[in-house]
1. Of the residues Thr53, Thr35, which single one is over 14 Å from the mean Cα position of the chain (by Cα) and free of Cβ contacts under 8 Å to residues at least 60 places away in the same chain?
2. For the stretch 1-30, what are the residues that are surrounded by fewer than 15 Cβ atoms within 10 Å (Cβ to Cβ) and either hydrophobic (A, V, I, L, M, F, W, C) or at positive phi (or both)?
3. For the stretch 33-53, state whether one or more residues are under 22 Å from Asn155 (Cβ atoms) and in contact with a Gly (Cβ under 6 Å, 6 or more places away or on another chain).
4. Among the helices (runs of 4 or more DSSP H) contained in the stretch 2-110, which hold 1 or more residues that are over 24 Å from Val162 (Cβ atoms) and either of a type in the set (A, V, I, L, M) or out of contact with any Leu (no Cβ under 9 Å at 6 or more places or on another chain) (or both)?
5. Among the residues of the stretch 74-89 satisfying the criterion of being surrounded by fewer than 20 Cβ atoms within 10 Å (Cβ to Cβ) and not β-branched (Val, Ile, Thr), which is nearest to the chain's Cα centre (by Cα)?
6. State yes or no: is Ser118 within 26 Å of Ala75 (Cβ to Cβ) and assigned to a helix (DSSP H, G or I)?
7. Has the stretch 36-43 got any residue that is within 20 Å of Leu186 (Cα to Cα) and at pLDDT below 95?
8. So which residues in the stretch 145-164 are in a helix (DSSP H, G or I) and at positive phi?
Amino acid sequence: MALFLDSAIAADAREAMALGFVSGITTNPTLIAKTNRRPFDVVAELADICGGTVFYQLTAPSMAEREAEARRVLALRSNIALKIPMTTENLALAANFAAEDVIVGMTATYSPAQTYLSCEAGVAYSIAYVNRSTRLQGDGLGLVREMREVVNACNTSTTIMVASLKSPQEVVQAVIAGAQHVTIPLPLLKEMGNHPLSEQTIEEFARSMKHG
């Protein structure tokens, strides 16, 4: 299991990497657009900050252009991986890259059937948007459970990554439901490490030391 930072901001990446237990970074076109910088410049900088895998999502309009975009971004740094939006057409592209030992994640997965095809394509990650799926389909956690059951049944190297998580509770529920990897923004990551009762206990210990 691995924890990823979901961000395109270099300062976030530095802070997350300094924690020592964040394995990589995921980006998407929306996150990159917020930086007001060229996408390839953003992902290259993140790859320099992060020693692990950094995902870049393809956006070109045609299959040929997406393949060219992928090859350009993969040439930037050795630790860059591909996020490819889930469609039948894009699975063919993903399978070709997976056969070349490129790390590929099929993103925007909304059904276990799509996960099954990801397994057959040999990609590394089937990526679900948990909170968004709950809002649009009713049960994002149920989707994660079914996706994991498919992966287990296929006895495949494909694994389940979850994104679109809005609270510590939702992160934990997704892991219990079968997610093997989690990607979250820095504020949520930091929130998960803190708890009012932990802070209260630390303060009590500090007071005890003063009176000891």
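The values are calculated or read from the model by the stated rules, or taken from the named source; none is laboratory data. What you are looking at is a predicted structure, and each value in this text was computed from that prediction instead of being measured. Glycine gets a Cβ as well: all are built from the backbone with ideal geometry, and neighbour counts include every protein chain shown.
1. Going through Thr53, Thr35 in turn, the sole match is Thr35.
2. Within the stretch 1-30, Met1, Ala11, Ala18, Leu19, Gly20, Phe21 meet the criteria.
3. Narrowing the stretch 33-53 to residues under 22 Å from Asn155 (Cβ atoms): none.
Checked against the condition, which is being under 22 Å from Asn155 (Cβ atoms) and in contact with a Gly (Cβ under 6 Å, 6 or more places away or on another chain), the stretch 33-53 yields no hits at all.
4. 10-19, 39-49, 63-74, 88-99
5. Among them, the one singled out is Pro85.
6. Numbers: within 26 Å of Ala75 (Cβ to Cβ): yes; assigned to a helix (DSSP H, G or I): yes.
Answer is yes for this residue.
7. There is no residue in the stretch 36-43 that is within 20 Å of Leu186 (Cα to Cα) and at pLDDT below 95.
8. none
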